[in-house]
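Q: Before I ask anything, here is the structure I am working with.
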Amino acid sequence: MKLRAFALMALTGFATLQPARAAQDAFQLPPYAHAYEPQTVDERGQWMEADERERQIRDSPLRIREGNLETYLRTVLCHEVGQDRCAGVRIYAMEVPMFNATMMANGAMEVWSGLLLRVRSEAELAAILGHEFAHFELRHRLNGFKNQRGTSDAMAWISVLGGISNTPVGSANLSLLGSVYRFGRDQESQADLLGLKYLANSGYPAGSASLVWQSLMAEEDASALGRKQKPKQKYTAGFFDSHPASFERAARLAQEAAKLPAGGDARAKEFQEAVAPYLPRFLTAQVKLNDFGGSEYILSNLSQRSGWTGDLLFARAELHRARATPRDLQLASQFYRDAKGAGYSNPDLDRNLGLSLLRNGQTEEGRAALSSYLTAYPDASDAKAINALLAN
């Protein structure tokens, strides 16, 4: 892991030594087609599927409708790609605790809460949204569909002809199958480069895209270590990988960003303020993933912004309570107390503190915490179960 980090630092350091390219075409955006309509049968079919998918996410219970989160996300995208490009985009924020955003052929974009929990600034968020918009602008979904269909047809004909001529066809089919994955990696690289041009034109720091992938690699390492596994970061993509390797991607983005205008404020404070109202629910969903190492890494990252707040301490306590070794339960109890001292006031704190204490044999203090929970929340759905515990 140290070797990988050193190699990445060397590559990014080398990139910063490259002279900035003076030519305008280094960051000039391509012409954009306004109000594009599907032209072919394939495109019309894809748009029909996208329209149906958009109806599903629009009405989904996972959609985050409260507050102004979707408005904020649209503001960031429009600042990133320009008002003309984002004019027809609809953005849906979804409570899914995984790192992902995707844009459909009809101009609808969905952004998952796991992405918002992991990026650390508006610039990093913009880098991901811009990357997804680049896929849309370059018609990658349609091109990928055509490529896969053409390859499948070719493989079918090769199999038929091979059967007629009694000729082995395995190597030919394997080569064609590999071309599908290579095509996907090429599309990802194209979207990365166009996304960097969006960053250069928006004024966000051009290096933000590389920082996202560096952080994701560190989280993957932490997740593996938390499961007592060896980190398995790859330097290059494999034959059947649909995306470039994270290390390769981070290094290339850093090198290309060095050729573009550096940009200005990453607007970390503005991002934190926009996401703050949703942070408790995002953290709850993350803890439920049962990924101790990865979740601990995310919490530590968040604490570097504004210290260990009550929300972060409560989530950290929940993380340890879920793992539930005697030492974890002891740590969880302390983090619950720290969260209360930091101003966390949800009655669930006393309940979970009491349950942790009881499970670890600290009966008197545990019963006191559960009694406080019932006093503050007498009509709780689990009041009967808690009363039964206290009666024993």
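Q: Based on what the data block shows, is ARG351 assigned to a helix (DSSP H, G or I), more than 22 Å from the chain's Cα centre (by Cα) and surrounded by fewer than 16 Cβ atoms within 10 Å (Cβ to Cβ)?
A: Values: assigned to a helix (DSSP H, G or I): yes; more than 22 Å from the chain's Cα centre (by Cα): yes; surrounded by fewer than 16 Cβ atoms within 10 Å (Cβ to Cβ): no.
Criteria not met by ARG351.
Q: Please give the number of the condition ASP379 fails out of (1) part of a helix (DSSP H, G or I); (2) without any contact (Cβ under 8 Å) to a residue 12 or more places away in the chain.
A: For ASP379, the exception is condition (1).
Q: Which residues, taken from region 25-41, are modelled with pLDDT of 65 or more and surrounded by 14 or more Cβ atoms within 10 Å (Cβ to Cβ)?
A: Selection gives PHE27, LEU29, PRO38.
Q: Consider ALA87 against the criteria (1) touching a residue at least 12 places away in the same chain (Cβ under 8 Å); (2) under 20 Å from the mean Cα position of the chain (by Cα); (3) within 22 Å of GLU137 (Cα to Cα): it satisfies all of them except one. Which criterion is unmet?
A: Condition (2) is where ALA87 drops out.
Q: Within region 334-392, can you find the residues that are acidic (Asp, Glu) and farther than 19 Å from GLU318 by Cβ?
A: If we filter region 334-392 for residues that are acidic (Asp, Glu), which is where we start, we get 338, 348, 350, 364-365, 379, 382.
Matches in region 334-392: GLU364, ASP379.
Q: Quick test for you: out of GLY144, GLY178, pick the one residue that is part of a helix (DSSP H, G or I), under 23 Å from the mean Cα position of the chain (by Cα) and at pLDDT below 70. Quick ask: steps written out before the conclusion?
A: Working: GLY178 fails: under 23 Å from the mean Cα position of the chain (by Cα).
Result: GLY144 is the single residue among GLY144, GLY178 that is part of a helix (DSSP H, G or I), under 23 Å from the mean Cα position of the chain (by Cα) and at pLDDT below 70.
Okay, residues lined up against (1) outside any loop (DSSP other than H, G, I, E, B); (2) free of Cβ contacts under 8 Å to residues at least 24 places away in the same chain:
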| site | (1), (2) |
| --- | --- |
| PRO280 | yes, no |
| ASN290 | no, no |
| SER300 | yes, yes |
| TRP308 | no, no |
| ARG321 | yes, no |
| LEU358 | yes, no |
| GLU364 | yes, yes |
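Q: Next question. Just wondering, is there one or more residues in region 314-326 that are under 28 Å from THR71 (Cα atoms), among the charged types (D, E, K, R) and surrounded by fewer than 21 Cβ atoms within 10 Å (Cβ to Cβ)? Can you show your working first?
A: Of the residues in region 314-326, the ones under 28 Å from THR71 (Cα atoms) are 315.
In the following step, the residues that additionally are among the charged types (D, E, K, R) were identified as none.
The answer is no; no qualifying residue exists.
Q: Among the residues of region 272-312 satisfying the criterion of being among the small types (Gly, Ala, Ser) and within 16 Å of the chain's Cα centre (by Cα), which is surrounded by the most Cβ atoms within 10 Å (Cβ to Cβ)?
A: Step one: of region 272-312, the residues among the small types (Gly, Ala, Ser) are 274, 276, 285, 293-295, 300, 303, 306-307, 310.
So of that shortlist, the ones also within 16 Å of the chain's Cα centre (by Cα) come out as 285, 294-295.
Working: ALA285: 17, GLY294: 22, SER295: 26.
Taking the candidates together, the pick is SER295.
Q: Would it be correct to say that SER215 is over 14 Å from the mean Cα position of the chain (by Cα) and among the hydroxyl-bearing types (Ser, Thr, Tyr)? Outline the logic, then answer.
A: Numbers: over 14 Å from the mean Cα position of the chain (by Cα): no; among the hydroxyl-bearing types (Ser, Thr, Tyr): yes.
Spelling it out, it is not the case that SER215 is over 14 Å from the mean Cα position of the chain (by Cα) and among the hydroxyl-bearing types (Ser, Thr, Tyr).
The values are calculated or read from the model by the stated rules, or taken from the named source; none is laboratory data. Not measured: the values here are computed from a predicted model. Neighbour counts are summed over all protein chains in view; Cβ atoms, including those assigned to glycine, are modelled from backbone coordinates with ideal geometry.
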